[in-house]
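The values are calculated or read from the model by the stated rules, or taken from the named source; none is laboratory data. Quantities reported herein were computed from a predicted structural model and do not represent experimental measurements. Ideal geometry is used to build each Cβ from the backbone, glycine not excepted, and the neighbour counts take in all protein chains shown.
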Amino acid sequence: MTKYVYDFTEGGKDDKDLLGGKGANLAEMTKLGLPVPPGFTISTDACRAYLEQGQEPDGLADEVSTYLAAMEEARGKRLGDPHDPLLVSVRSGAKFSMPGMMETVLNVGLNDESVKGLAVVADGNERFAYDSYRRLLQMFGSTVLGIEASVFHDALDELKAARDTRNDLDLTADDLSGLVETYKKLVAEHSGRDFPQDPREQLDMAVRAVFESWNTERAVLYRRQERIPHDLGTAVNVCSMVFGNVGADSGTGVAFTRDPASGAQGVYGDYLQNAQGEDVVAGIRNTVPLADLEQIDKSAYDELLTTMALLEGHYRDLCDIEFTVEHGKLWMLQTRVGKRTAEAAFRIATQLADQGLIDLDEAVARVTGAQLAQLMFPRFDTDAERTLIARGMNASPGAAVGRVVFDSPTATEWAARGDDVILVRRTTTPDDLAGMVAAKGILTSRGGKTSHAAVVARGMGRTCVCGADDLDVDVKGRRFTAADGTVVEEGDVISIDGTTGEVFVGAVEVVDSLVVRYFEGDETAGGDELVQAVTRLMEHADGVRRLQVRANADTPEDAARARRFGAQGIGLCRTEHMFLGDRRELVERLILAEDAKEQQAALAALLPLQRDDFTGILEAMDGLPVTIRLLDPPLHEFLPDYTELAVQVALEEERGEDDPHTRQLFDAVKRLHEDNPMLGLRGVRLGIVIPGLFTMQARAILEAAAARTAAGGDPQPEIMIPLVAAPQELELMKAEVIAVAAEVEKETGTKLRFKIGTMIELPRAVMLAEEIAGSAEFFSFGTNDLTQMTWGFSRDDVEASFFSTYLDKGVFAVSPFESLDTEGVGKLVAHAVSKGRAARPDLHLGVCGEHGGDPDSIHFFDSVGLDYVSCSPYRVPVARLEAGRSATA
Ligand code: PEP
Ligand code: MG
């Protein structure tokens, strides 16, 4: 038969799956000989069985009896004994801490008789006994019997009002004994049953309530947010009670072995004299700093400090501790490896390495890319005042403050005159790029984390909140309205937090990141202790990682920044942005061209401009590979909007005007209009359908490379063909590129060194990876499109439309556009890797979709053997760190 119950003497810290975090650590402390009150843990197996069967599994009740008897023996008291009752606490404790999410019942074992016995053994302290009983009634009533907590709070408040006090401590034993009667009546009235007087029934009901609290709405929600699996269940810890509220020589407190906010070493925590733990939580009385305990009770304080040092050395990490002092005796009620801020995580990891408690591999494992990302963005001063008006998706982290503008030209104009601006749009399009560059932050009311606004903002390291759908954005009226009715006009100041997705009216104080200043070359920042901790761990991560890290960058400035941030090349240079702005007219000419000659003329005019684009980027990345992707998006993105143009044509007709250019443009836009442009004329299809387009781009790249080589540089271009589905498509384009390369070599007299490869973005390309590898020197997984095409989700729409329902229903725990769907899309990646390498063992493999900067996805890419990940420049350090963590895992 399955064993469901474990004495605290039976387990250890590695048994979290079975005993939950709290139970495992209580067992560990017991094993270390620390003063833990005797008790036992009912395992997560029992919880799962209970939830499955809807009742206690066979044998559980008997086991509880056996372990209860052992606890009674150890304490020399019996549960609910009318003369000297043993009381127990019943606490939840899952594998992963879920603070405040599940239930706790204290003082189980009190009833109308044993309360009197408790008063006698507590040296006649009736007040304490009745206070304990009313606490049990209150906790039992609300958590086990499901009565609204306010029912009890209101009765307590009424009593305090009648006694003309606001402090519980002013209530007398008689007051509390009267309150017990009131509570019992309330229990009967609201639950339809009397409070159980049988201590064992109390215990069994409390255990059941803890099991059931695993599935409360708030617990489910918390698990979803924290990505904790729903099938783990919780353990239940039944611990003999010790009391901090039996006089001035007693008390309760929390302690940290280091400051969880800064990581500094010292004595951190709070103490509350003559109190129980929930008094601290309820904030009824003010705690004193833990250091004050030295004055209050030197011997308990010294023992606590020795215990803290022992626990930290044993766990080799920051521990947080809950303890109680009962008549001068120290009792340990809980410990665990403590949560900490990002800053503290880096400091503590390096301190522990310096102390020789952990090695640098482990130090790197103790910090995360997400924590590093937090340190890299400016943030709002935590003490600053703020007024929240909306929440959207945290699309690109950071804190931005500025005047609201509603279009790109205004953003550029106001920024040029020195204003900080926040560009607010319903959604953004490539047309808004200049405004996005000029703005400090971007706020949209529609679109998800892979919407245009989000992707571009992340790429630029610009703060972005997207999909704040409570905001009504009225671009024409130049204002937006929040759900609470707040109207923000153009020019008003707002603050947006891209780390939390929050939007505030007015200016919130911002603090710069020293870590970024250091990466950017500001040596003075290197003196900062936190920066030193970060650099030390980064250096170690760089030393151990196998996976290389490149950047997605489209401009020389981004390329240079990426290099400063440690990028080992460019994994994706998107060329579409180079076709906007002043060049839009040339692109229009290309699209409107009526014959080959006009088309060639338009291409010839674009060529020198493109060459300059590539010259700057190859220079910034000299000596490192630069993967340049030939034009990918559907052409209509470079033309005016279909509807707007239709209106214009209709108006012109009405006025009897007939501008041939408008008409020609409208015809072209109509011709190119597609219902599903993402599945339309884009990627390699453009190269095949528009003769000379890809050749022009290839020529621009190769001429730029030839010029750099001639100037003594070391350009390493890699020409990448997007959205290939068939080997034939790649072969057609490859032939063109090779032909143009031969021409450029001849014209310049320079030997060119370059690669030709493809993106893997379509399931068909995955299935034909072996054949495609015949013509490709490299594959770069475009996991944005691969996710879109595999799931059949439109990446631009889906996150704002039904993803929240999918997340709520648990179809997935996180958007597959954010973190790679390793079960589905990941299998396609793995398949293409193995087939591609089978055909060409030296095939170079990378990923350039958004997942290249996502910590979990990076570990996956390392595990399937990719050579590099490529991500936006600001995520490069995060990716380096995660690649290091993956290597040491
Ligand atoms: C991709 O599809 O993953 C990719 C990198 O290309 P884009 O996002 O430009 O479509
Ligand atoms: Mg793509």
Tell me the residue from 226, 201 that is closer than 27 Å to residue 42 by Cβ and without any contact (Cβ under 8 Å) to a residue 60 or more places away in the chain, please. 201
Any residue that is in a helix (DSSP H, G or I), away from ligand 2 (no atom under 16 Å from the Cβ) and closer than 22 Å to residue 575 by Cβ - is there at least one of those in the range 764-771? no
Identity of the residue in the range 815-851, part of a loop (DSSP other than H, G, I, E, B) and surrounded by fewer than 17 Cβ atoms within 10 Å (Cβ to Cβ), that ends up farthest from ligand 1 (Cβ to nearest atom): 841
If you scan the range 792-813, which residues turn out to be within 16 Å of ligand 2 (Cβ to nearest atom), among the hydrophobic types (A, V, I, L, M, F, W, C) and out of contact with any helix residue (DSSP H, G or I) (no Cβ under 8 Å at 6 or more places or on another chain)? 798
Note: among 150, 97, just one is surrounded by fewer than 23 Cβ atoms within 10 Å (Cβ to Cβ), of a type in the set (S, T, N, Q) and out of contact with any Lys or Arg (no Cβ under 7 Å at 6 or more places or on another chain), namely 150
For the range 740-763, enumerate the residues that are outside any strand (DSSP E or B) and hydroxyl-bearing (Ser, Thr, Tyr). 748, 750
Cβ-Cβ under 8 Å, sequence separation 6+ or interchain: first residue in the range 728-741 and farther than 11 Å from residue 698 by Cα and modelled with pLDDT of 95 or more, partner of a type in the set (A, V, I, L, M, F, W, C) and assigned to a helix (DSSP H, G or I). Which pairs? 729/684; 729/688; 730/684; 730/772; 732/688
Among strands (runs of 3 or more DSSP E) completely within the range 220-279, the ones holding 1 or more residues that are within 26 Å of residue 295 (Cα to Cα), in contact with a helix residue (DSSP H, G or I) (Cβ under 7 Å, 6 or more places away or on another chain) and modelled with pLDDT of 90 or more are 251-258, 265-273
Can you pull out every residue in the range 500-520 that is of a type in the set (A, V, I, L, M), out of contact with any Leu (no Cβ under 7 Å at 6 or more places or on another chain) and not in a helix (DSSP H, G or I)? 505, 507, 508, 510, 511
Given the conditions (1) surrounded by fewer than 16 Cβ atoms within 10 Å (Cβ to Cβ); (2) outside any helix (DSSP H, G or I); (3) touching a residue at least 40 places away in the same chain (Cβ under 8 Å); (4) away from ligand 1 (no atom under 16 Å from the Cβ), which single one is not true for residue 794? (4)
Name the residues in the range 1-59 that are among the small types (Gly, Ala, Ser), over 22 Å from residue 107 (Cα atoms), touching a strand residue (DSSP E or B) at 6+ places or on another chain (Cβ under 9 Å) and outside any helix (DSSP H, G or I), would you? 11
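Looking only at the range 191-212, count how many residues are surrounded by fewer than 21 Cβ atoms within 10 Å (Cβ to Cβ) and at negative phi. Steps first, please.
In the first step, residues of the range 191-212 are kept if they are surrounded by fewer than 21 Cβ atoms within 10 Å (Cβ to Cβ); the result is 191-194, 196-198, 200-201, 204-205, 208, 212.
Filter once more, so that each one left must be at negative phi: 191, 193-194, 196-198, 200-201, 204-205, 208, 212.
Summing the residues that are surrounded by fewer than 21 Cβ atoms within 10 Å (Cβ to Cβ) and at negative phi in the range 191-212 gives 12.
A quick yes/no check of all residues on (1) surrounded by 19 or more Cβ atoms within 10 Å (Cβ to Cβ); (2) within 10 Å of ligand 1 (Cβ to nearest atom):
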| position | (1), (2) |
| --- | --- |
| 752 | no, no |
| 760 | yes, yes |
| 764 | no, no |
| 769 | yes, no |
| 776 | yes, no |
| 783 | yes, yes |
| 789 | yes, yes |
Selection from the range 128-174 of residues that are under 17 Å from residue 241 (Cβ atoms) and over 42 Å from the mean Cα position of the chain (by Cα): 128, 129, 130, 131, 133
Among the residues of the range 627-676, which ones are closer than 16 Å to residue 585 by Cα and within 16 Å of ligand 2 (Cβ to nearest atom)? 635, 637
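I'd like to check something: does the range 299-318 contain any residue that is touching a helix residue (DSSP H, G or I) at 6+ places or on another chain (Cβ under 6 Å) and without any contact (Cβ under 8 Å) to a residue 12 or more places away in the chain?
Step one: list which residues in the range 299-318 are touching a helix residue (DSSP H, G or I) at 6+ places or on another chain (Cβ under 6 Å), which gives 301, 318.
From what's left, without any contact (Cβ under 8 Å) to a residue 12 or more places away in the chain: 301.
Yes - at least one qualifying residue is present in the range 299-318.
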Which condition does residue 547 not pass, out of (1) surrounded by fewer than 17 Cβ atoms within 10 Å (Cβ to Cβ); (2) touching a residue at least 24 places away in the same chain (Cβ under 8 Å), if it passes all the others? (1)
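Here is a yes/no grid of residues against (1) within 16 Å of ligand 1 (Cβ to nearest atom); (2) buried (at least 16 other Cβ atoms within 10 Å of the Cβ):
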position	(1), (2)
561	no, yes
569	yes, yes
572	yes, yes
579	yes, yes
591	no, yes
594	no, no
597	no, no
610	no, yes
Got a number for residues in the range 473-499 being under 15 Å from residue 388 (Cα atoms), among the β-branched types (Val, Ile, Thr), touching a Phe, Trp or Tyr at 6+ places or on another chain (Cβ under 9 Å) and part of a strand (DSSP E or B)? 4
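Could we say that residue 378 is within 15 Å of residue 462 (Cα to Cα), touching a residue at least 24 places away in the same chain (Cβ under 8 Å) and surrounded by fewer than 20 Cβ atoms within 10 Å (Cβ to Cβ) here? Walk me through it before giving the result.
Details: within 15 Å of residue 462 (Cα to Cα): yes; touching a residue at least 24 places away in the same chain (Cβ under 8 Å): yes; surrounded by fewer than 20 Cβ atoms within 10 Å (Cβ to Cβ): yes.
Against the criterion (within 15 Å of residue 462 (Cα to Cα), touching a residue at least 24 places away in the same chain (Cβ under 8 Å) and surrounded by fewer than 20 Cβ atoms within 10 Å (Cβ to Cβ)), residue 378 qualifies.
Restricting the search to the range 79-113, which residues are basic (Lys, Arg) and in contact with a strand residue (DSSP E or B) (Cβ under 6 Å, 6 or more places away or on another chain)? Talk me through it step by step, then tell me what you get.
So in the range 79-113, the residues basic (Lys, Arg) come out as 91, 95.
Listed by number, the list holds a single entry, 91.
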Checking the condition closer than 21 Å to residue 569 by Cβ, assigned to a helix (DSSP H, G or I) and of a type in the set (A, V, I, L, M), which residue from 669, 737 passes? 737
Anything in the range 678-731 that is within 16 Å of ligand 1 (Cβ to nearest atom), under 24 Å from residue 586 (Cα atoms) and of a type in the set (Val, Ile, Thr)? List them, or say none. 684, 719, 721
Taking the condition closer than 30 Å to residue 542 by Cα and either modelled with pLDDT of 95 or more or not in a strand (DSSP E or B) (or both), does residue 367 pass? yes
Enumerated helices (runs of 4 or more DSSP H) restricted to the range 521-620, each holding at least 2 residues that are among the polar types (S, T, N, Q) and closer than 30 Å to residue 779 by Cα: 596-620
Flag for residue 823 being at pLDDT 95 or above, touching a Gly at 6+ places or on another chain (Cβ under 6 Å) and more than 25 Å from residue 755 (Cα to Cα): no
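Checking the condition within 18 Å of residue 404 (Cα to Cα) and out of contact with any Leu (no Cβ under 9 Å at 6 or more places or on another chain), which residue from 527, 477 passes?
Details: 527 fails: within 18 Å of residue 404 (Cα to Cα).
Checking each option against the conditions leaves just 477.
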Condition set of a type outside the set (Gly, Ala, Ser) and in contact (Cβ under 8 Å) with a residue 12 or more places away in the chain, scope the range 826-836, selection nearest to residue 771 (Cα to Cα): answer is 835
